[in-house]
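The values are calculated or read from the model by the stated rules, or taken from the named source; none is laboratory data. Source: prediction; values computed, not measured. Cβ placement follows ideal geometry from the backbone for every residue including glycine, while neighbour counts extend to all protein chains displayed. These area figures cover heavy atoms from the full protein model, side chains too; ligands, DNA and RNA do not enter into them. Shrake-Rupley method; radii C 1.70, N 1.55, O 1.52, S 1.80 Å.
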Amino acid sequence: MNYNIVPLNELINQFSRLPGIGKKTAQRLAYSILEQPPERAKDFAKALVEAREKIHFCKCCQALTDLDVCQICDDEGRDRTVVCVVEEPRDVMAFERTREYKGLYHVLHGVISPLDGIGPDKLRIKELMSRLASGEINEIIMATNPTVEGEATASYISRLVKPMGIKVTRLAYGIPVGGDLEYADEYTLARALEGRNEI
């Protein structure tokens, strides 16, 4: 007889769909959920549903928020003349952990990657250009990852922005080539910010 518990298999399948979660890890997570008191499992399910329903993109910087405009964009104490352009919302969190950067952000939601069918039109570049047209911004910091795609994206945006008379800088290479900002520590990111160069 085939030992098959349909709800358990479905839970394992759902966990294994998450990035970086293999079949074994998915099984461990599923069994861990089943070992919890029923109320904790309900709280977990509720948090998942609420996060998916309530979190959306900030209408200004495209980062994640549960408000109309995120707390960073809404903070009058931030330097509104500098915008740090990053690939993903999690990169904003990485910079915020340094407590060094006091400007605003713009999230592209990816990088230009022709091999993956991702052109400039699939990114939030149009929204960035609209923000820059306001005339309030003096500098953008290109903080895309130091990969081929990240460099290509930084160069593409730099070519669009330079005719507007806005200074375009690039993070210094305290971050290893091929590395992701998400995994960089606070001190490496802080050094990279301090040593940024104009491109």
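Any residue at all in the stretch 96-111 that is open to solvent by less than 20 Å² (accessible area, probe 1.4 Å), out of contact with any Phe, Trp or Tyr (no Cβ under 8 Å at 6 or more places or on another chain), of a type in the set (Lys, Arg) and closer than 21 Å to Asp79 by Cβ? Checked against the condition, which is being open to solvent by less than 20 Å² (accessible area, probe 1.4 Å), out of contact with any Phe, Trp or Tyr (no Cβ under 8 Å at 6 or more places or on another chain), of a type in the set (Lys, Arg) and closer than 21 Å to Asp79 by Cβ, the stretch 96-111 yields no hits at all. For the stretch 53-68, the candidate set comprises residues that are open to solvent by 20 Å² or more (accessible area, probe 1.4 Å) and either under 16 Å from the mean Cα position of the chain (by Cα) or touching a residue at least 12 places away in the same chain (Cβ under 8 Å) (or both); within that set, the residue that is farthest from Glu186 (Cα to Cα) is Lys54. Give the residues of the stretch 118-139 that are β-branched (Val, Ile, Thr), open to solvent by less than 20 Å² (accessible area, probe 1.4 Å) and within 17 Å of the chain's Cα centre (by Cα), sorted by residue number. Selection gives Ile125 alone.
Among residues of the stretch 70-94 that are of a type in the set (Lys, Arg), those with a beta-carbon under 7 Å from a residue that is open to solvent by less than 50 Å² (accessible area, probe 1.4 Å) at least six positions away or on a different chain give the pairs Arg78/Ile72; Arg78/Gly103; Arg78/Leu104; Arg80/Leu104. Evaluation of Pro38 against the conditions (1) modelled with pLDDT of 95 or more; (2) open to solvent by less than 100 Å² (accessible area, probe 1.4 Å) shows that the sole unmet condition is (1).
Identify all residues within the stretch 96-136 that are among the hydrophobic types (A, V, I, L, M, F, W, C) and within 12 Å of Cys61 (Cβ to Cβ); write none if there are none.
Leu104, Val107, Leu108, Leu128, listed by residue number.
Of all residues in the stretch 137-180, those that are assigned to a strand (DSSP E or B) and hydroxyl-bearing (Ser, Thr, Tyr) total 1.
Scanning the stretch 146-158 for residues that are at pLDDT below 95 and more than 16 Å from Arg196 (Cα to Cα), we see that the one that is surrounded by the fewest Cβ atoms within 10 Å (Cβ to Cβ) is Val148.
The single condition from (1) in a loop (DSSP other than H, G, I, E, B); (2) open to solvent by 70 Å² or more (accessible area, probe 1.4 Å) that Leu115 fails is (1).
Just a yes or no: is a residue in the stretch 169-187 closer than 12 Å to Val83 by Cβ, modelled with pLDDT under 95 and surrounded by 17 or more Cβ atoms within 10 Å (Cβ to Cβ)?
Yes, some residue in the stretch 169-187 is closer than 12 Å to Val83 by Cβ, modelled with pLDDT under 95 and surrounded by 17 or more Cβ atoms within 10 Å (Cβ to Cβ).
When you check Ser32 against the structure, is it exposed (fewer than 15 other Cβ atoms within 10 Å of the Cβ) and not hydrophobic (A, V, I, L, M, F, W, C), yes or no?
yes
Residue count for the stretch 123-136 under the criterion of being modelled with pLDDT of 95 or more and outside any helix (DSSP H, G or I): the result is 2. Taken across the stretch 62-75, residues that are part of a loop (DSSP other than H, G, I, E, B) and in contact with a Pro (Cβ under 7 Å, 6 or more places away or on another chain) do occur, with at least one present. Would you say Met164 is open to solvent by 60 Å² or more (accessible area, probe 1.4 Å) and in contact (Cβ under 8 Å) with a residue 24 or more places away in the chain? Spelling it out, Met164 is indeed open to solvent by 60 Å² or more (accessible area, probe 1.4 Å) and in contact (Cβ under 8 Å) with a residue 24 or more places away in the chain.
No other residue among Val92, Val85 is assigned to a strand (DSSP E or B) and under 29 Å from Gly178 (Cα atoms) apart from Val85.
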